[in-house]
Structures are given as C-alpha cells and as structure tokens.
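Taking it in order: structure first as structure tokens, then the write-up.
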Amino acid sequence: MSRYQVDKLLRDLRRDQPLAARFRTNIETVLDDYKLDAEERELLKHWEIRALYDRGVNPLLLLLAHGPAAGKSMQEYAAAMNPKDRPPGE
Amino acid sequence: MGEVVAGIACSHVPFMASPKQWERLPEAERAHLRGGFERARKILEDARPDVLITFADDHFDRCFYDNLPAFLVGIGEEAVGPAVAGFDIPNVRLPIASKLARFIVREGLEGGVDFAFSEELALDHAEIAPMMHLTPRWDVPIIPIVVNAFAPPMPSPKRCFDVGAFVGRCIERWPERTRVAFLGTGGLSHWVGPPQTGKINEQFDRWFLECLSQRRIEEATGRYARYEDLEAVAGNGGHEIRDWLAVAGAMPQRLRPEVLAYEPLKPWSTGTGIMAWSS
C-alpha cells in the first residue's frame, strides 16, 4: 500500500475545498491523480476509515479530511473508526 | 545582551479560540482554565518581552512528508496565519524578529543544531489559539519554531529539551539588549483520529506537569523516550509535550516553574494544562 499517496490525498482534501467537492461528486477523477492501487481506491471510495487506519494511514489526516471530503459528522467518523466488532484501541 | 525573562507552556486545542466552545465546558473547569490563562498573560505582560519565541508543532498544514524538518525556524519579515482556516481561528499578521531568528539559525548550524529555516513560515492554530489568550494585543514580535511533534519519526523528547536549551544559550550570546520570552504549545494527552479518540490520560498529564514543575527533566524526557511508548500512554497528540520540553530547556535556573492550571477536558477531548516559568 502506498501510504504516502493516501496521506497526500487526505492532506490535499483538507486544504483544497474545490478538490474536496470534486471528491464527493466525481471521485474517480480525483483518485486518478494519485498513485493508488485498486485496494486503496476502494477503501477511499467507501471511506473505510478503520481499514485505512489499520494499514498505517495517519489518523490525524483521516480525521481532518473526513469532514470536508466525506461530508460526514464526527459521530459518523467515530462509528467508522470503532465498528461494533472491534473494541476501541484494539 | 539578550535575557530570557519568562516562559509559558500550554495546550493549543483549537476549540479555545471559540467562545461557543468555552461555553461547552463545565463552569468550574472553565473558570479554572480562564484563571490559568489570565495568570499566564499577566506573567508575560510583567516580563515585558521584546520577542516571543514559540515552540509549536503542526497539523500537516505547514509541513508534510514531502519535506519534513525536525526543527524549522521562521526567519522572514512577518508571520501570517492561520495556514488553513477553521475552528474560529482569527487571521493574524505578526512581525518576526528576523535578525535574532537568523542569529539562532546560524549559531545552530555552526554549533550542532541543524535548523531548517523558512522565509515564509505560516502560523497555525498551535500558535494563534493560545496567543489569543496570552498576548491578545498581538504586539510582541515572534520567532516561530516548528517542532516535528506530529509526524513520525520525530526528534526524541530529550533532543527537544536540548534544542530548547541551545536556543536559550543563543539568547545569552545575542549581543543586543533584548528581553525574550518563550511559549511552547501542545498536548497534554489526547488522541486525535485513532480508535481511542476522545480519551485523556489524567495520570500521565499530572505526572508530566509534576516533573516539569520539580525540574525532574531526566524523568520527563526518559520515561517515555521511545515514540511507541509515548504514543501508547499519551496518544498521538501527546507527542506535543516536546514543545513544553523545549521551553523547559530554554529556561534559566532563576526562573521558577509553576503549574497554573490543569483540567482533563472531556468536551475538548484534551488534557489541557498551563505552566509558567517566572522570577
């Protein structure tokens, strides 16, 4: 997994509102601009927060990018990071 | 000759910039924290600094993995921020004491600290949020020093203390009459983004504050010297105690350390503390 490329995309999504908007409406064109493998693309498309974290993606970047790019709440982020079958901190 | 006249270390949780976020705090905790900031502000005001040197880290808004220095000094004419808007952080523009900043960089490069430097270093909530409460008139020129306390691998806690001590000695060697205060921001324990987000380790926070207030530096820098050990006990945000240690290193013996306030603030998901070194 090219963790750097995922971190870089998350950093850009936080800083660049038009990019974050395009990520929500036309995600494939955004993903094409980063060197991501097929698994990474799928995880990002579905905002698989916990899976990305488990693969070493920086959690601060995940949290910062999640709101602008996914348009979801902090509660939704926390739920995705702590699925019911995975206790906190596991 | 330069003189170190005071030091402050405090948390920089961005919520402290927002009146609405202060209202979310229980009354007793809010009053305690406000009182701590007020005392810190008065200590700085009484110290009459000509320059404020800040040790703060980043949140990937100024530095990223494409180019990530351990210690980065702003040496330009002015510092503007925030680098990325949000959290009700106001826009600020502050003069940089660039002549002294360049002196510190040169002393470092010739004396064993390989500082990176920037002519265009933006400010972050790490500086702006606490300064809203500490230097609200925005009338003290600064020298911003960004410490990598956010993107592993990081400089060790001991190294951060030693670099702070080096900067303190630079002030003593500075040939112009200049009163210098230090501000370090970040921490204390908090988890930002991982599964434990929202957790606070009050026991760790109180231990760390006790170490600094009793000058138990070897213990403060050594017990959790490994990145993984500090991460486990204080969270990914707890690495920011490096900024406090840098200030502790810069302080001369004649300035007395004192904890001004601490609250494990659940509404802000951060162990929030304030310390001062004053005469």
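For segment B:172-186, give me each residue that is over 18 Å from the mean Cα position of the chain (by Cα) and either assigned to a helix (DSSP H, G or I) or among the polar types (S, T, N, Q) (or both).
Within segment B:172-186, B:172, B:173, B:178 meet the criteria.
Out of all the residues in segment A:48-64, which are surrounded by 19 or more Cβ atoms within 10 Å (Cβ to Cβ) and more than 10 Å from chain B (Cβ to nearest Cβ)?
Residue satisfying the conditions is A:52 alone.
If I filter segment A:4-47 down to residues being within 14 Å of chain B (Cβ to nearest Cβ) and part of a loop (DSSP other than H, G, I, E, B), which single residue comes out as surrounded by the most Cβ atoms within 10 Å (Cβ to Cβ)?
A:47
Filter segment B:59-72 for residues that are away from every other protein chain (no Cβ under 14 Å) and among the aromatic types (Phe, Trp, Tyr) and give the result.
B:71
Across segment B:237-268, what is the total count of residues that are out of contact with any helix residue (DSSP H, G or I) (no Cβ under 9 Å at 6 or more places or on another chain) and either surrounded by 24 or more Cβ atoms within 10 Å (Cβ to Cβ) or within 16 Å of residue B:129 (Cα to Cα) (or both)?
Here the count works out to 0.
Could you list, in sequence order, all residues of segment B:214-227 that are assigned to a helix (DSSP H, G or I), surrounded by fewer than 17 Cβ atoms within 10 Å (Cβ to Cβ) and away from chain A (no Cβ under 14 Å)?
Within segment B:214-227, B:218, B:219, B:222 meet the criteria.
With the requirement that a residue be modelled with pLDDT of 95 or more, part of a loop (DSSP other than H, G, I, E, B) and not hydrophobic (A, V, I, L, M, F, W, C), what does segment B:140-152 give you?
Within segment B:140-152, B:141, B:148 meet the criteria.
Taking the condition of being surrounded by fewer than 24 Cβ atoms within 10 Å (Cβ to Cβ) and part of a loop (DSSP other than H, G, I, E, B), how many residues in segment B:194-212 meet it?
Of the residues in that region, 7 qualify.
For segment B:43-58, indicate whether the set of residues that are within 14 Å of another protein chain (Cβ to nearest Cβ) and either in contact with a strand residue (DSSP E or B) (Cβ under 9 Å, 6 or more places away or on another chain) or part of a helix (DSSP H, G or I) (or both) is non-empty.
Yes: segment B:43-58 contains one or more residues that are within 14 Å of another protein chain (Cβ to nearest Cβ) and either in contact with a strand residue (DSSP E or B) (Cβ under 9 Å, 6 or more places away or on another chain) or part of a helix (DSSP H, G or I) (or both).
The values are calculated or read from the model by the stated rules, or taken from the named source; none is laboratory data. Small disclaimer: the values here were computed from a predicted structure and weren't measured. As a convention, Cβ positions derive from the backbone with ideal geometry for all residues, glycine included, and neighbour counts pool all protein chains shown.
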